[in-house]
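Trainee: One structure is given below, represented as structure tokens, and several questions about it will come after.
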Amino acid sequence: MQRWAPLQGATAQAIERILATQFVDDPAVLHEINDSRTRIAEHLAIARAYQPRTAPVQAIHARYLAAWDDLLSGYRAIEDGLAASDASKLAEGRAAFARWHAALVEVAARLRELQDARK
């Protein structure tokens with residue numbers, strides 16, 4: 001999972017750039033979403049192919065995948081919000097960004113706990 005960290009960082013930076021637009025530069029937001037979505041799709045194909053062997057790691061892996069799916073739903077909400085000038089959809093997308101970040105922090109903490117338990 002450490003090999004996945006660069007994508008996580010790149011995604012966090014894309015989210016920061018999206019939020020920095022305050023959703024007033026539609027082309028910039030859509031560009032960031034499209035670039036990020038492409039990388040996420042490739043990453044998810046690899047992550048979904050990974051088969052954890054233990055139940056604790058399976059649970060963490062499931063949480064990790066769910067976080068990315070939630071982020072993609074947030075991207076769709078933002079696209080819909082921009083298309084319809086719907087602030088509630090934009091807010092939904094922003095909330096997905098926050099949940100994604102919180103989930104990745106949670107996953108990292110749970111992985112550290114497992115590593116510490118093995119020592």
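The values are calculated or read from the model by the stated rules, or taken from the named source; none is laboratory data. All figures in this text were calculated on a predicted structure; none of them were measured in a lab. For neighbour counting, all protein chains shown are included, and Cβ atoms are generated from backbone atoms with ideal geometry for every residue, glycine included.
Trainee: Out of the residues in the stretch 91-106 meeting the condition of being surrounded by fewer than 20 Cβ atoms within 10 Å (Cβ to Cβ) and hydrophobic (A, V, I, L, M, F, W, C), tell me which one is farthest from the chain's Cα centre (by Cα). Outline the logic, then answer.
Mentor: First pass over the stretch 91-106, keeping only residues surrounded by fewer than 20 Cβ atoms within 10 Å (Cβ to Cβ): 91-92, 94-95, 98-99, 101-103, 105-106.
With the extra rule that they be hydrophobic (A, V, I, L, M, F, W, C), the set shrinks to 91, 95, 98, 102-103, 105.
Details: Ala91: 16, Ala95: 12, Ala98: 9, Ala102: 10, Ala103: 9, Val105: 11 Å.
Here the answer is Ala91.
Trainee: Condition (residue is more than 17 Å from Phe23 (Cβ to Cβ) and among the acidic types (Asp, Glu)) applied to the stretch 39-52: is it met by at least one residue?
Mentor: The answer is yes; a qualifying residue exists.
Trainee: Separate question: From the residues in the stretch 1-50 that are outside any helix (DSSP H, G or I) and either among the small types (Gly, Ala, Ser) or in contact (Cβ under 8 Å) with a residue 60 or more places away in the chain (or both), which one is surrounded by the fewest Cβ atoms within 10 Å (Cβ to Cβ)?
Mentor: Among residues in the stretch 1-50 that are outside any helix (DSSP H, G or I) and either among the small types (Gly, Ala, Ser) or in contact (Cβ under 8 Å) with a residue 60 or more places away in the chain (or both), the one surrounded by the fewest Cβ atoms within 10 Å (Cβ to Cβ) is Met1.
Trainee: Sticking with this one: Can you run down the residue pairs with Cβ atoms below 8 Å, 6 or more apart or on separate chains, where the first is in the stretch 81-103 and touching a residue at least 12 places away in the same chain (Cβ under 8 Å) and the partner is aromatic (Phe, Trp, Tyr) and assigned to a helix (DSSP H, G or I)?
Mentor: Partner pairs satisfying both residue conditions: Gly93/Tyr75; Ala96/Tyr75; Trp100/Trp68; Ala103/Tyr64.
Trainee: Here's a follow-up. Here are some residues: Ile60, Ile46. Which one is touching a helix residue (DSSP H, G or I) at 6+ places or on another chain (Cβ under 7 Å) and β-branched (Val, Ile, Thr)?
Mentor: Values: Ile46 fails: touching a helix residue (DSSP H, G or I) at 6+ places or on another chain (Cβ under 7 Å).
It is Ile60.
Trainee: Going residue by residue through the stretch 17-24, is there one that turns out to be within 16 Å of the chain's Cα centre (by Cα), modelled with pLDDT of 95 or more and not β-branched (Val, Ile, Thr)?
Mentor: yes
Trainee: Quick one: is Tyr64 more than 24 Å from Gln115 (Cα to Cα), touching a residue at least 40 places away in the same chain (Cβ under 8 Å) and within 14 Å of the chain's Cα centre (by Cα)?
Mentor: Judged against the criteria, Tyr64 is not a match.
Trainee: Of the residues in the stretch 72-89, how many are assigned to a helix (DSSP H, G or I) and of a type in the set (Asp, Glu)?
Mentor: Of the residues in that region, 2 qualify.
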